[in-house]
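J.: Dumping the structure here so I can ask a few things about it.
The values are calculated or read from the model by the stated rules, or taken from the named source; none is laboratory data. Predicted, not measured: the structure shown is a model, and the values here were computed from it. Reconstructed Cβ throughout: ideal geometry from the backbone, glycine too, with neighbour counts over all protein chains shown. These area figures cover heavy atoms from the full protein model, side chains too; ligands, DNA and RNA do not enter into them. Shrake-Rupley method; radii C 1.70, N 1.55, O 1.52, S 1.80 Å.
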Amino acid sequence: MELVEESPYRFRIDQHDPMRVPGVVFATRSLLPDAGADKSLEQVANVATLPGIVDASYAMPDVHWGYGFPIGGVAATDVQHDGVVSPGGVGFDISCGVRLLAADLDRAELGPRMKALMDGLAEATPRGMGKGAVWHLTDRAELDGVLRGGSRYAVERGFGVERDLERCEDYGAVDDADPAGVSERAVERGARQVGSLGSGNHFLEVQAVEEVYDDDVGTTFGLRPGQICVMIHCGSRGLGHQICTDHLRGMEKVMTRYGIQVPDRQLACAPVSSPEGRAYLGAMAAAANYARANRQLLTDAARKVFTRQTGRGLDLVYDISHNLAKIETHDVDGARRSLCVHRKGATRALPPGHEDLPADLSEVGQPVLIPGSMGTGSYVLTGVPGAPAFASTCHGAGRVQSRKQAVKAERGGDPRQQLEAQDIAVRGASRRGLAEEMPTAYKDVTAVVESAEGAGLCRKVARLVPIGVVKG
């Protein structure tokens, strides 16, 4: 794949048939994928062939190979000009996202209570491949409430406070969710998992604010040096996975009806305005709401443990999703156009003054939460004016090894011991589960964040370091 270096943080893949737009990769040379082992740049070019795509097929600094779209891919299609929606542009863990909670507690104060806190969080956090959950739904009506109302419904039922919704993307729920598009198999997979972490790279971390780069923005976000925080990373569990599977199969069958040809069957898609496109977006929104309720319930469980063990509470800084397709209005070639913006392994980074921000964040922009690999720091960023890629940025460190490769690399080592040697308390993960997520399996998150900032996608606000982790 031939790349043209436009700047130290931006590379271009020139448009050639059947590409409709160029590809753009935000990265430094050291962060570019290994062309021999990772085909994600070919996927960037493939995405550029989608009907209705505008501007460019974008890749974030954490880009790596995914299903159809690369993980770290952003693409927008014009709704009014045969633009398509592709489930591969969202991924299987719909609305997987990150939530950050801040405590009125310093690291030094937590010290003697740390073990009890970690034990309590481990006990209160259902995780792994099983069906344990914070909320045991009694019937389909309650599940429909989750699918339609997301965090709003959870708060209505007593799992949180109204302020939580002001610090959630979309005020806690996507409004056009349609549970009718959710199959019975998806319902079966999700009914007993509301309020659970799952496994893989999902986690609940106790963190400390190591550094604040912008005191004014940090204060607005509610962050200060030395402060204890909790970061939660999880998604829509088996329900979201099944919704993606179902609608990929459906779209693959109807593409010829709409005259659509794609270079990779994993890019199966349909026009946004078609029955299949609308059905997917409705079901996807239902899964997004499930994911947001999931994080809200885990928040409620963590708060109870925190209050019991420390006497302090946890305030929500922000909740942001990184696997979604959203209908948004953006300027394209000097005109306002309705676009279906796919962000797969990428997050929104709204600039100051954006209409979707709550009033108390309007002057500083949206908090963007970037978790590092296990055992490394995480970052809080903010959106900036005039950013490219439809106000999007990276979502994490980005894998450079498969889970199998990561386990092989850690053979003979003791991941738990390595983490505990860094004074990071570990609860609940198997040796294999830890080995899959060790830092060697990922890019350097600091380099990823600096590249995103250098490309004009966002700005650093704070860095947090882990002191305890709960995993499946």
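J.: What percent of all Cα-Cα pairs in the range 210-344 falls into each 10 Å bin, going from 0 up to the bin containing the maximum distance?
T.: 10, 27, 27, 20, 13, 4, 0
J.: Using a Debye calculation, one point per C-alpha and no hydration shell, please list log10 I(q)/I(0) for the range 79-198 at q = 0.10, 0.11, 0.17, 0.23 Å⁻¹ in order.
T.: After summing over all Cα pairs, the log10 values are -0.43, -0.52, -1.10, -1.56.
J.: A further question on this structure: So, with a 1.4 angstrom probe, what is the percent of accessible area on the chain that is carbon and sulfur?
T.: 47 percent
J.: Now, a different point. Enumerate by residue number the chymotrypsin sites (Phe, Trp or Tyr not before Pro) in the range 199-297 meeting two conditions: DSSP loop (anything except H, G, I, E, B), and at most 16 other Cβ atoms within 10 Å of the site's Cβ.
T.: Sites meeting the loop and neighbour criteria: TYR213.
J.: I've got another one for you. Going Cα to Cα from LYS443, which aspartates and glutamates come in below 20 Å? Please leave out same-chain ones fewer than 8 positions away.
T.: Within the straight-line limit of under 20 Å, LYS443 reaches these aspartates and glutamates: ASP34, ASP38, GLU42, ASP62, GLU205, GLU410, GLU453.
J.: Another question, then. Using only the Cα atoms of the range 1-56, each taken as one equal point scatterer with no solvent, compute I(q) by the Debye sum, divide by I(0), and report log10 of the ratio at q = 0.16, 0.22 Å⁻¹.
T.: The Cα Debye sum returns log10 ratios of -0.45, -0.82.
J.: Under the Kirkwood approximation for Rh and a Cα-based Rg, what ratio Rg/Rh is obtained for the range 21-88?
T.: Ratio value, two decimals: 0.99.
J.: For the range 120-176, what class follows from the C-alpha gyration tensor (a ≥ b ≥ c being the square roots of its eigenvalues): rounded when a/c is under 1.5, otherwise prolate if a/b is larger than b/c, else oblate?
T.: oblate
J.: State, in angstrom, two size descriptors of the range 325-472 derived from its alpha carbons: Rg to one decimal place and Dmax to the nearest whole number.
T.: Just the Cα atoms of the range 325-472 yield Rg and Dmax of 18.2, 58 Å.
J.: Another one. Report, ordered by chain and residue number, the lysines lying within cross-link reach of LYS253, taken as a straight Cα distance under 25 Å and ignoring same-chain residues fewer than 8 apart.
T.: The qualifying lysines are LYS326, LYS344.
J.: While we're on this one: Restricting things to alpha carbons, tell me how big the chain is in terms of Rg and Dmax, in Å.
T.: In order Rg, Dmax, the Cα atoms of the chain give 20.9, 65 Å.
J.: Once Rh for the range 379-459 is found with the Kirkwood sum over Cα pairs, what is the Stokes-Einstein diffusion coefficient at 25 °C and 0.890 mPa s, in µm²/s?
T.: Roughly 169 µm²/s, to the nearest whole number.
J.: Here is a follow-up. Which of the trypsin sites (Lys or Arg not before Pro) found in the range 316-395 are in a DSSP loop and have at most 10 neighbouring Cβ atoms, other than their own, within 10 Å? Mind showing how you got there, number by number?
T.: On the way: sites: LYS326, ARG336, ARG337, ARG343, LYS344, ARG348; in loops: none.
For trypsin sites (Lys or Arg not before Pro) across the range 316-395 that sit outside H, G, I, E and B with at most 10 neighbouring Cβ atoms in 10 Å, the list is empty.
J.: Next question. Which value, to two decimals, describes the C-alpha radius of gyration of the range 1-147 once divided by 2.2 N^0.38 Å?
T.: Here the answer is 1.48, to two decimals.
J.: Right, another one. Please report, in whole Å³, the volume per residue of the convex hull around the C-alpha atoms of the range 147-189.
T.: On the way: hull volume 3.5 nm³, N = 43.
It is 81 Å³ per residue.
J.: Continuing with this model, one more query. Taking a label point 7 Å from the Cα of GLN80 along the Cα→Cβ vector, which residues of the range 260-290 have an amide N closer than 15 Å to it?
T.: Within reach of a label on GLN80, which here means backbone N under 15 Å from a point 7 Å along Cα→Cβ, the range 260-290 contributes 273.
J.: Length gain on complete extension for the stretch ASP106 to GLU5, per 0.36 nm per residue less the alpha carbon to alpha carbon distance?
T.: Taking 0.36 nm per residue and subtracting the Cα distance, the gain is 31.9 nm.
J.: Let me ask something else. Could you pull out every residue, at least 5 positions away or on a different chain, whose amide H is within less than 5 Å of the one on ALA208? Hs are placed 1.01 Å off N in the peptide plane, and Pro or chain starts have none.
T.: For ALA208, whose amide H was placed from the backbone, the distant partners under 5 Å are CYS229, VAL465, ILE467.
J.: Here's another thing I want to ask about it. From Cα pairs below 8 angstrom and at least 6 apart in sequence, can you work out the relative contact order of the chain, rounded to a whole percent?
T.: Relative contact order, the chain: 22 percent.
J.: At q = 0.15, 0.22, 0.24 Å⁻¹, what is the log10 ratio I(q)/I(0) for the range 346-422, with the Debye formula run over Cα points and no solvent?
T.: Summing over Cα pairs of the range 346-422 leads to -0.66, -0.97, -1.09.
J.: Please state, rounded to one decimal and in Å, the Kirkwood hydrodynamic radius that the range 140-234 gives when every pair of distinct Cα atoms enters the mean of 1/r.
T.: 15.9 Å
J.: To the nearest 20 debye, what is the magnitude of the charge dipole of the range 11-109 about its Cα centre, counting +1 on the Cβ of each Lys and Arg and -1 on the Cβ of each Asp and Glu?
T.: Its charge dipole is roughly 160 debye.
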